[in-house]
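As structure tokens, the structure follows; a few thoughts come after it.
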Amino acid sequence: MRTVVLYGREGCCLCEQARELLLRARARHPFELCERDIEQDEALHRAYLERIPVVTLDGVPAFELFVDEQELERLLGEPGGPRSSGPTQPGPAPAGPAPSPQAPRQ
């Protein structure tokens with residue numbers, strides 16, 4: 001059975017939203033849900049304070065700050081588990097201006 005861990009803390013509204021979403025997803029894709037309160041562990045508090053909620057799937061970081069329900073469903077439906085490329089967040093903007101298209105040669 002897959003294992004999903006939700007890292008959060010009491011009073012975090014984003015954590016509550018993530019929990020509700022995870023519970024809905026668990027009705028369609030059974031998994032073990034573990035919740036870790038970062039306030040109870042100094043190392044977790046330092047690591048996750050400004051990133052919660054953080055969700056891991058089978059030990060692999062999957063989401064932080066918010067949980068994308070469609071992506072979660074996709075990951076839970078994959079037989080091989082989540083990809084290991086890290087949390088699903090928009091990447092940084094490319095450095096410098098975008099290359100301009102070249103004019104066609106005549």
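Just so it is clear, none of the values below were taken in a lab; they were calculated from the coordinates. From a predicted model like this one, the values you see are computed outputs, not experimental measurements. Cβ coordinates were reconstructed from backbone atoms using ideal geometry, including for glycine residues, and neighbour counts include every protein chain displayed.
With contacts taken as Cα pairs under 8 Å and at least 6 residues apart, segment 1-82 reaches a relative contact order of 36 percent.
Within a Cβ distance under 14 Å of Gln40, other residues only, what is the Lys/Arg minus Asp/Glu net charge?
On the way: positive: Arg9, Arg36, Arg46; negative: Glu10, Glu35, Asp37, Glu39, Asp41, Glu42.
Around Gln40, the surrounding residues sum to -3.
From the Cα trace of segment 2-77, what convex hull volume per residue do you get, rounded to a whole Å³? Write down the numbers at each step before the final one.
Working: hull volume 5.8 nm³, N = 76.
Taking the convex hull of the Cα positions in segment 2-77, it is 76 Å³ per residue.
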